[in-house]
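The values are calculated or read from the model by the stated rules, or taken from the named source; none is laboratory data. Since we're looking at a predicted model, the values are computed, not measured. For neighbour counting, all protein chains shown are included, and Cβ atoms are generated from backbone atoms with ideal geometry for every residue, glycine included.
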Amino acid sequence: MRTDSRFIGRPSHRQDARAIVTGRAEFIDDLKLRGMLYARVLRSPFAHARVVAVDTEKAEAVPGVKAVLTHKNVPDWKAGTPFHIRVLDSKVRFVGDGVALAAAESERAAEEALEAVHVEYEPLEAVFDVDEALAGDAPQLYEAFPGNVVPGGFPLYGPDCLTGIRLGDVEQGFREADAVGEGTYKYETVANPLPLEPPGVIAHWEGPDRLTIWAATQSASWHRFVMLPSLGFPDIRAIATQCGGSFGSKNYSLMPCFYAAALARAAGRPVKMCFSKEEQFGAYTLRPGSRFKGRIGIRKDGTVTAVSGSWLFDTGACSDIPQAQVAVGCGELQLMLRCANWDLTGTIVLTNRPPSGVVRGFGGQELESALLPALFEALEKAAIDPVDFFRKNYVKPGDAYLWRNGKPYVDRGVDYSEALERGAETFGWHRKWKGWLVPTRVDGQTRIGVGVSVHGNADVGEDVSEAHVRLTPDGRAVVHACVSESGSGQRSSLCRMAPEGRQLPLDRVGVSPPDTLVNPFEFGLVGSRGTWAVGGAVISAAEKARAALLARAAPLLGAGEEELDTTDGRVYVRGRSDRGLSWSRVMGIVRTCSGSARYEEDFTVPNFLALFVEVEVDTGTGKAAVREVLAATDVGRIIDPQALEGQLRGCFGAAGLDTALFEETVLDRTTGRILNGNMIDYKWRTFRDLPGFRNVILETPMPTHRFGAVGVGEISTSPGPSAVLMAVSNALGVRMTGYPLTPQRILEAL
Amino acid sequence: MVLLHIIVNGRGYDLQVGADPHQVDPAHTLAYTLRETLGLTGTKIGCNHGGCGACTVLMDGVPVLSCLTLTVECDGREIVTIEGLSPPEGNDLDPLQRAFMDHGAFQCGFCTPGIILTAKHLLDRNPSPDAETVEEALSGNHCRCISHYQVVQAVLAAAGTEADRDED
């Protein structure tokens with residue numbers, strides 16, 4: 001344990017711990033505003049149809065109903081990239097697409113109103129497969145997107161935004177290859193991140209041009225800066241409530257915001273729009289589908305000589321920000337595969353299933369899960385141990401890569417080979433690995449196999465954070481940062497980092513409410529950026545506040561600022577703790593000492609995570625189960641050990657590792673209906689299904705901020721699917737290529 | 001006028017059955033009544049169809065899914081919600097609540113009230129469970145963040161059966 005901090009790396013209660021265990025933490029559906037109405041949505045039974053007629057007369061007459069909206073009278077707001085998503089449209093594009101909205105004094109009255117809405121549909125042919133959607137005769141979802149292809153390139157990432165990777169000469173690269181993996185591989189479980197709390201918002205127009213949104217969210221400010229252009233630039237104030245899990249999906253809640261804001265405007269009263277579980281399953285955010293068709297060439301020494309192919313990114317019925325996911329995915333692939341020759345093209349395809357959106361793993365998990373089976377084939381042919389391969393190929397200090405904006409960056413972080421090797425040793429990899437398609441052990445009809453995969457992200461330093469720190473005469477500090485709490489403990493972690501270690505006890509550091517009105521700009525908790533980007537702004541602001549305090553104290557103590565230090569609300573001459581003054585004596589009671597800082601994006605320190613898995617497959621029943629998982633990483637410095645352990649173990653959930661085994665959204669490809677859209681049929685782990693789990697966490701200081709830490713939480717899910725695929729293949733002695741590895745698929749392979 | 005008498009967290013409520021906003025509609029679930037009529041929002045609704053355990057409360061000491069229980073079925077029953085484990089005045093916490101804080105046995109915290117109440121029932125019946133017994137007891141409670149490992153440790157710690165207790 002290092003001695004420069006009393007709090008960093010040591011367990012302590014999260015600031016909201018007491019509220020959570022006593023039931024007093026306030027989640028979105030716990031909030032009630034005076035005069036608040038409740039909203040419900042009438043949803044399409046068809047996957048693709050024109051709304052020919054819609055009659056709301058009877059609905060409007062239901063007692064307690066204050067507003068009923070259809071495509072004919074909703075505001076002309078648009079969202080998506082590029083703009084194409086309307087509040088309600090005259091066409092529906094998936095089973096569950098919105099057709100009419102009602103706000104009423106009770107949910108029941110709103111439901112009764114919608115039951116009284118009469119709708120006539122003209123059903124259209126629907127398409128559910130990306131290759132079929134790209135065919136010349138496919139039904140077209142939008143006039144603006146001919147061929148069902150959404151233009152690539154995310155405007156926020158600039159004109160050179162990655163839409164693929166094109167470098168070098170792939171033909172030459174393949175000529176140099178000793179082994180080539182090739183094929184079409186699908187990662188199309190379109191699983192649901194499925195945070196336990198369904199999404200929800202409350203919207204209230206405080207004036208004709210002033211909207212306040214309360215939201216269950218991981219990134220409060222998205223409800224302001226993303227919604228601003230969509231709503232024609234009203235003054236939006238966004239407030240985050242305690243958030244019952246997000247995993248990307250509640251980064252912002254587009255459709256709940258649209259519905260609540262439109263109804264609140266029509267009714268002139270605040271409107272709560274909390275989705276039901278069924279709506280969360282079928283009309284919110286699914287993990288994107290991913291299909292790779294292509295080739296990877298390698299040499300016998302593990303050098304990747306060429307990657308070429310097509311990446312079809314299935315975004316479902318609308319395009320939120322898939323261009324950003326394609327760009328980040330292409331960046332992340334380069335971190336794990338060092339290669340001079342690339343010809344990879346991403347294509348964003350629309351299909352008539354419920355929409356995809358932001359999900360933990362953001363592009364990289366989708367691309368790697370579909371592309372790595374081709375790599376594994378090449379490694380198998382060349383008989384290369386995957387740990388050796390990843391050690392050789394994972395990006396190292398001095399290596400260059402193109403990041404999301406298409407610009408080259410040079411890694412100035414650390415070499416993760418040590419983390420990978422320590423993970424391999426602790427897991428027993430060198431003992432358990434018997435070669436490709438060779439089980440570790442066979443015990444009757446049970447076959448054991450191991451697999452490993454890695455993932456990394458250079459978005460840990462992405463985008464902008466501003467923070468303000470205020471030291472008060474009573475010996476406390478307040479961090480002003482617009483940071484919400486959706487499970488990562490980031491608000492408390494900022495309080496650990498802000499007081500510069502020795503300055504104040506943790507119970508004397510507070511953080512402002514996550515409200516865009518009272519805080520400086522904060523991009524949000526995405527890409528594991530909380531530790532470095534948000535933390536960097538807060539630490540710098542705290543340093544400036546401290547400097548202001550010491551500058552005030554210096555003349556009072558007759559010493560230079562550089563001779564002073566401060567601990568526990570007292571300033572003193574270093575080495576002479578008897579020569580000191582309390583903060584109240586330094587400031588007086590009508591002053592605070594404060595500092596502001598801004599963090600600017602930096603893509604030069606990637607993070608890293610390796611997942612080692614051991615699976616057992618029952619060849620009689622075809623059931624595969626994970627026996628043991630080991631996560632290996634280097635985080636520079638552990639800020640909150642309990643939060644970090646939890647985030648790494650979170651690899652199963654949030655449409656993560658388990659999408660390789662049993663977790664999927666099952667779509668009826670005739671009707672477009674989801675067949676398992678409830679918590680009974682959408683099977684997932686219980687407390688009785690927990691494999692052994694170990695974490696190997698190194699702390700090699702990183703060139704980030706004064707604590708040398710980087711975030712890693714988001715990426716724990718990403719290596720899971722491909723690692724499990726490898727492990728099951730080895731257990732069976734058969735190269736498996738599709739997800740999820742259900743008993744049926746396994747028995748067919750045998 | 002039909003009246004229901006329900007004891008919630010030690011306090012008796014006489015609730016009218018009817019269709020007015022302040023009354024209990026025969027279609028109201030216990031989860032709805034606790035949250036919307038009595039304002040006890042510590043009880044969470046995750047799925048509202050009995051699949052996640054977030055809405056678990058104790059009825060006469062036994063865990064029930066309050067989203068699948070009609071309030072009109074609860075006449076004469078004694079309900080304990082998460083708010084009932086620790087009175088708001090004073091600093092008393094149930095040993096389970098204290099252990100969940102010490103072990104950081106939650107991430108988003110949405111499943112926590114239901115898990116703590118299920119665990120409360122387990123420890124009331126079996127003060128010294130082993131890990132497997134804890135896992136079995138909690139197998140109807142869904143946690144998506146994967147706090148399971150820390151939850152099991154916290155329950156064992158609250159029971160005093162954890163070998164290596166980690167205090168801050």
Original post:
Quick check: is even one residue across region A:500-510 closer than 27 Å to A:GLU26 by Cα, among the hydrophobic types (A, V, I, L, M, F, W, C) and in contact (Cβ under 8 Å) with a residue 24 or more places away in the chain?
Top reply: yes
Subject >> Every residue from region A:460-513 that is part of a helix (DSSP H, G or I), away from chain B (no Cβ under 14 Å) and of a type in the set (Ser, Thr, Tyr) >> reply: none
**OP:** Go through (1) at positive phi; (2) surrounded by fewer than 20 Cβ atoms within 10 Å (Cβ to Cβ) and name the single condition B:ASN48 misses.
**Re:** (2)
Original post:
Looking at A:GLY622, A:GLY636, which is the one that is part of a loop (DSSP other than H, G, I, E, B), in contact with a Leu (Cβ under 6 Å, 6 or more places away or on another chain), over 23 Å from A:GLU368 (Cβ atoms) and not β-branched (Val, Ile, Thr)?
Top reply: A:GLY622
Original post:
Hey, any hits in region A:668-683 for a residue that's among the polar types (S, T, N, Q), surrounded by fewer than 21 Cβ atoms within 10 Å (Cβ to Cβ) and modelled with pLDDT under 95?
Top reply: yes
Subject >> Criterion: surrounded by 24 or more Cβ atoms within 10 Å (Cβ to Cβ), within 13 Å of chain A (Cβ to nearest Cβ), touching a residue at least 24 places away in the same chain (Cβ under 8 Å) and more than 12 Å from the chain's Cα centre (by Cα) - qualifying residue of B:PHE110, B:PHE106 >> reply: B:PHE106
Original post:
Scanning region B:128-140 for residues that are facing chain A (nearest Cβ under 7 Å) and part of a loop (DSSP other than H, G, I, E, B), which turns out farthest from A:PRO193 (Cα to Cα)?
Top reply: B:LEU138
Original post:
From the residues in region A:126-155 that are more than 20 Å from A:HIS84 (Cβ to Cβ) and touching a residue at least 40 places away in the same chain (Cβ under 8 Å), which one is farthest from the chain's Cα centre (by Cα)?
Top reply: A:ASP131
Original post:
Among the candidates A:ASP634, A:ASP668, which residue alone is free of Cβ contacts under 8 Å to residues at least 12 places away in the same chain and more than 7 Å from every other protein chain (Cβ to nearest Cβ)?
Top reply: A:ASP668
Original post:
Which residues, taken from region A:690-705, are within 11 Å of another protein chain (Cβ to nearest Cβ), buried (at least 17 other Cβ atoms within 10 Å of the Cβ) and assigned to a strand (DSSP E or B)?
Top reply: A:PHE693, A:ASN695
Original post:
Taking region A:442-451 as the region of interest, how many residues are charged (D, E, K, R) and either within 23 Å of A:ALA631 (Cβ to Cβ) or not assigned by TED's automatic domain parsing to the domain that holds A:PHE376 (or both)?
Top reply: 0
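Are any residues in region B:71-84 out of contact with any Ser or Thr (no Cβ under 6 Å at 6 or more places or on another chain) and either within 14 Å of chain A (Cβ to nearest Cβ) or outside any loop (DSSP other than H, G, I, E, B) (or both), and if so, which ones? Steps first, please.
Step one: of region B:71-84, the residues out of contact with any Ser or Thr (no Cβ under 6 Å at 6 or more places or on another chain) are B:72-80, B:82-84.
Within region B:71-84, B:VAL72, B:GLU73, B:CYS74, B:GLU78, B:ILE79, B:VAL80, B:ILE82, B:GLU83, B:GLY84 meet the criteria.
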